[in-house]
1. State which residue is farthest from the chain's Cα centre (by Cα) when the search covers only the stretch 336-346 and only residues that are open to solvent by less than 40 Å² (accessible area, probe 1.4 Å) and free of Cβ contacts under 8 Å to residues at least 40 places away in the same chain.
2. Condition (residue is surrounded by 14 or more Cβ atoms within 10 Å (Cβ to Cβ), among the small types (G, A, S), within 16 Å of the ligand (Cβ to nearest atom) and at pLDDT 90 or above) applied to the stretch 310-324: is it met by at least one residue?
3. How do the pairs read when you match residues in the stretch 366-387 that are farther than 13 Å from S145 by Cα and open to solvent by 40 Å² or more (accessible area, probe 1.4 Å) with residues anywhere that are of a type in the set (S, T, N, Q) and at pLDDT below 85, using Cβ under 9 Å and keeping only pairs 6 or more apart or on different chains?
4. Anything in the stretch 234-258 that is buried (at least 19 other Cβ atoms within 10 Å of the Cβ), within 23 Å of the chain's Cα centre (by Cα) and near the ligand (Cβ under 8 Å from one of its atoms)? List them, or say none.
5. For the list (1) modelled with pLDDT of 95 or more; (2) not in a strand (DSSP E or B), I need the number of the one condition that G102 fails.
6. Taking the stretch 102-121 on its own, how many of its residues are surrounded by 15 or more Cβ atoms within 10 Å (Cβ to Cβ) and either without any contact (Cβ under 8 Å) to a residue 12 or more places away in the chain or not hydrophobic (A, V, I, L, M, F, W, C) (or both)?
7. Under the condition of being more than 20 Å from R213 (Cβ to Cβ) and open to solvent by 20 Å² or more (accessible area, probe 1.4 Å), which residue from the stretch 154-163 is nearest to the chain's Cα centre (by Cα)?
8. Name every residue in the stretch 113-153 that is part of a loop (DSSP other than H, G, I, E, B) and within 19 Å of the chain's Cα centre (by Cα), in order of residue number.
Amino acid sequence: MAKLPNVVPTQTTRELLRIVRAAQPIPRVAVARRLGVHRRRITVLVKPLLDSGVLREGTPEQSARRVGRPPIGLSLRAENHFLVGVNLGVSQTQVGGATVDGRVIFEETFETPRDPETAIAQIRSSIHRHQRDLPDRELTVVGISVAGPTDADEGRLLYAPHQGWRDVPVAKMLGLKVPVIVENNATAAAIYELQRRRHRGATRTAGDFVLVRAGTGIGVGLVVGGEVFRGATDIAGEFGHMTIVAGGKSCPCGNLGCWERYASAASAVELYRGETNRARHNSPLRFIDLVARANAGERRAQVTLDRAGTHLGIGIGNVICGLGVPHVILSGDLVHGWKFIEAPARTAIARSLCGRLSEWSLVAGETHGSELGGALEVAIEHYLLTV
Ligand SMILES: [Zn+2]
């Protein structure tokens, strides 16, 4: 197959930077091995990155730490820049800063305001405040994860059903002088998971996977060939709003019987509360409280989680059939109930046609760590893509 010379080096450079970031300081020979190219090719790829100050090779600190021959390794130069990640959640928002090699340097959390104008104003003032605190570092990119489909390149949130926000030009409203990437939170979580796999030594062959993020709602992120897949219309992954029950529960998106109304953490709490004494509804019950009750042996809590697990598995069976990607990672709040939802979910997947035809896997991922982490990964990925 013919390869376009102006495309391949860019992809290879990007992959090289990802490898360096995951394993720095890393000797050239190790980069060559993981990248699957000849050492001489690494020399050609690395030179412009060293010249432009993106990478450095070996440091005095590293030499001092070792006795004998100092390690000469490639690292990202992280001292002059920082990136910001913002997880704009339905109830809470986290703003965090990190160096380009992923070290978190500040983090703050606040309740997400009801309207997008106030929320974005608050995010803007948080970023400005931290910029003033870091006069020696230049902000290079902001990554924002949101609970809904986005136009990532335009920096636009298309729709956030749980917040009732439609068509919010987040990047434009922020008015910063740096690129602002707005990404769906399930896709951000998938990018985060991909990075974790690279840290464990995987490269482009890390494998394709589907990340199902179940919290207030359900979002799906898809990784194919070591890259996230967004589809032609930026709305790939909105499986949370596929109908699984005809004429079922009404969804904030306007549809009836959406998957997330039966298998999200919030839907499990709602189901449980609907079956308990309504007089006690004033006390806010969280999903982890429901799991605690199931752990304490409360039958009704266990049955609720079992039902959520079955619905989760039904939806995952559909996702596997639809995408042909059989490796699934569950992420988000629902993971807290893994002990109770795993078996019914597996039973439901195994019952589906694709579950019987192909090998599949379902594993538990992060409960919440991907929230800010995912947004920061979006920023770092953009940095590595554009340097
Ligand atoms: Zn819906």
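1. P344
2. yes
3. Note: pairs meeting the criteria are L385/T10.
4. G240, H241, C258
5. (1)
6. Of the residues in that region, 4 qualify.
7. Checking each candidate, the answer is R156.
8. To start, the set of residues in the stretch 113-153 that are part of a loop (DSSP other than H, G, I, E, B) comprises 113-115, 134-137, 147-149, 152-153.
Answer for the stretch 113-153, where residues must be part of a loop (DSSP other than H, G, I, E, B) and within 19 Å of the chain's Cα centre (by Cα): A147, G148, P149, A152, D153.
The values are calculated or read from the model by the stated rules, or taken from the named source; none is laboratory data. All figures in this text were calculated on a predicted structure; none of them were measured in a lab. Cβ: placed from backbone, ideal geometry, glycine included. Neighbour counts: every protein chain shown. Heads up: the accessible areas ignore ligands, DNA and RNA and are worked out on the full protein's heavy atoms, side chains in. Shrake-Rupley method; radii C 1.70, N 1.55, O 1.52, S 1.80 Å.
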